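Worksheet: the structure to be examined is printed underneath.
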Amino acid sequence: MLLKLVRNALGNVIVFVDWVSRPKSIQRSPTEQIRVQSAFDGLSLYQFRACPFCVKTRRAIHALGVDVELRDINKEIKHREELQEGGGRVKVPCLRIENNNEVTWMYESSEIIEHLQQRANA
């Protein structure tokens, strides 16, 4: 019980520090924003709020100035089940990439961020 209390407190500190120090989003022309955002269609990030690696990934998404559907596996049991069934394990962050009815699951925050940056710059 004490460990859970400490973990929750640290999680809230991480989320607060993220909120206070969040980087500015890239500013684009409306036409360019539509083009870049379309490259992010079919992406979903399985995550939970206080996970440090999820925070790192969400910060990168925010800095890129795009929207990616966030699926919190602690708030929605169906998201946890989708992650288990589709990705094969319950580990976050995990990026679900749907392209031409084919689904790929990408774990590891650094790989996810690199993938997102490549999409933004394509």
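The values are calculated or read from the model by the stated rules, or taken from the named source; none is laboratory data. Small disclaimer: the values here were computed from a predicted structure and weren't measured. Ideal geometry is used to build each Cβ from the backbone, glycine not excepted, and the neighbour counts take in all protein chains shown.
If you take the residues of region 57-79 that are surrounded by fewer than 17 Cβ atoms within 10 Å (Cβ to Cβ) and of a type in the set (Lys, Arg), which of them is nearest to SER110 (Cα to Cα)? Top of the filtered list is ARG59.
Yes/no matrix, rows are residues, columns are (1) polar (S, T, N, Q); (2) over 12 Å from the mean Cα position of the chain (by Cα); (3) farther than 29 Å from ASN12 by Cα:
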position: THR57; (1), (2), (3): yes, no, no
position: ALA60; (1), (2), (3): no, no, no
position: ASP72; (1), (2), (3): no, no, no
position: GLU76; (1), (2), (3): no, yes, no
position: ARG89; (1), (2), (3): no, yes, no
position: ASN99; (1), (2), (3): yes, yes, yes
position: SER109; (1), (2), (3): yes, no, no
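Any residue that is part of a loop (DSSP other than H, G, I, E, B) and surrounded by 10 or more Cβ atoms within 10 Å (Cβ to Cβ) - is there at least one of those in region 4-21?
no
For every residue, the table says whether it meets (1) touching a Leu at 6+ places or on another chain (Cβ under 9 Å); (2) small (Gly, Ala, Ser).
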{"residue": "VAL55", "(1), (2)": "no, no"}
{"residue": "ALA63", "(1), (2)": "no, yes"}
{"residue": "VAL68", "(1), (2)": "yes, no"}
{"residue": "ARG71", "(1), (2)": "yes, no"}
{"residue": "LYS75", "(1), (2)": "no, no"}
{"residue": "ARG80", "(1), (2)": "no, no"}
{"residue": "GLN84", "(1), (2)": "no, no"}
{"residue": "GLY87", "(1), (2)": "no, yes"}
{"residue": "CYS94", "(1), (2)": "yes, no"}
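Scanning region 23-51 for residues that are in contact with a Pro (Cβ under 9 Å, 6 or more places away or on another chain) and modelled with pLDDT of 95 or more, we see that the one that is farthest from THR104 (Cα to Cα) is GLN47.
The rows are residues; the columns are (1) at pLDDT below 95; (2) within 12 Å of SER44 (Cβ to Cβ); (3) touching a helix residue (DSSP H, G or I) at 6+ places or on another chain (Cβ under 8 Å).
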position: VAL66; (1), (2), (3): no, no, yes
position: ARG71; (1), (2), (3): no, yes, yes
position: GLU81; (1), (2), (3): no, no, no
position: GLU85; (1), (2), (3): no, no, no
position: LEU95; (1), (2), (3): no, yes, yes
position: VAL103; (1), (2), (3): no, yes, yes
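Selection of region 109-122 for residues being touching a residue at least 24 places away in the same chain (Cβ under 8 Å) and more than 23 Å from ILE34 (Cα to Cα) yields only SER109.
If you take the residues in region 1-40 that are free of Cβ contacts under 8 Å to residues at least 40 places away in the same chain and hydroxyl-bearing (Ser, Thr, Tyr), which one is farthest from VAL103 (Cα to Cα)? Only one residue fits best here, namely SER21.
The residues of region 80-108 that are touching a residue at least 24 places away in the same chain (Cβ under 8 Å), under 25 Å from GLN33 (Cβ atoms) and surrounded by 12 or more Cβ atoms within 10 Å (Cβ to Cβ), listed by number, are PRO93, LEU95, ARG96, ILE97, GLU98.
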